[in-house]
1. Around Gln65, under 14 Å between beta carbons, what's the net of Lys plus Arg minus Asp minus Glu among the other residues?
2. Quick one: order Ile59, Ile128 by neighbouring beta-carbon count within 10 Å, fewest to most.
3. What does the charge add up to near Thr127, with Lys and Arg as +1, Asp and Glu as -1, over the other residues with Cβ less than 9 Å from its Cβ?
4. Among Thr114, Gly36, Thr135, whose Cα lies farthest out toward the positive end of the dipole of region 28-144, if unit charges sit on the beta carbon of Lys, Arg (+1) and Asp, Glu (-1)?
5. Kindly flag which residue pairs out of Lys47/Lys130; Lys32/Lys57; Lys76/Lys137 have an alpha-carbon separation exceeding 18 Å in this structure.
6. Using per-residue counts of other Cβ atoms within 10 Å, averaged over each peptide, order 71-79, 42-50, 107-115 from highest down.
7. Got a sec to turn the phi values of region 70-84 into Karplus ³J(HN,Hα) couplings, 6.51 cos²θ - 1.76 cosθ + 1.60 with θ = phi - 60°, whole Hz, x for Gly and Pro?
8. Using only the alpha carbons, work out the radius of gyration and Dmax of region 28-144 in angstrom.
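Bear in mind that the values in this text are calculations on the coordinates, not laboratory data. Owing to the predicted nature of the structure, the values given are computational and were not obtained by experimental measurement. Positions of Cβ are backbone-derived with ideal geometry, glycine not excepted, and every protein chain shown enters the neighbour counts.
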Amino acid sequence: MKKFSIAFIVVMLFCFAPVFVYARPLDAEAAKQELGFSVTSGIDMSKQTQSTFDDSKTIAGVANQGTAIEISVSSKDANGDLTENANFVLEVGVSGIFSQTVELSLGENVVEITASKEGYETVSEETIIKRRNITIKNELENTVSIPGGTRNLSLTI
């Protein structure tokens, strides 16, 4: 009877003992915070599409030491097919800062930045940068538009 009582108490302890489980958050924002990952300049990752006349951008940001940052730049053709133009892999050092200059081709450039570290959830962000022809910029700078008028005057300097 004594063995039965001890076995019953042990079984009851297992049945009613609290269970603790640690689960990582699945949302991307929490994963970004765990890695300390953020793009701070060069491009705005919160925008889906942005435009520029520049032929290159310097992407800079912060992340925890030891985080691997992969930056890939692909161009999109008229059919929507992607061709990878460049791929950079950086490891964040003690300063917690990363920086990489990427070349942009005319048209749509898909920039994808991935941050990963062993034991942490991988974070990936993507944006499209539309590089415009510099002649469009020159025309816009040298055009005078009169509000309400239908004529545009072009000044050549």
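1. On the way: positive: Lys117; negative: Glu34, Glu91, Glu118.
After counting each charged neighbour, the total is -2.
2. Lowest to highest Cβ neighbour count: Ile128, Ile59.
3. Details: positive: Lys47; negative: Asp44, Glu112, Glu125, Glu126.
Local net charge: -3.
4. Thr135
5. Values: Lys47/Lys130 12 Å; Lys32/Lys57 23 Å; Lys76/Lys137 22 Å.
Long pairs (Cα-Cα over 18 Å): Lys32/Lys57; Lys76/Lys137.
6. Most protected by this proxy first, the peptides run 107-115, 71-79, 42-50.
7. In residue order, the calculated couplings are 10, 10, 10, 10, 10, 9, 10, 8, 4, 7, x, 7, 9, 10, 6 Hz.
8. Expressed in Å, the Cα Rg and Dmax of region 28-144 come to 15.8, 58.
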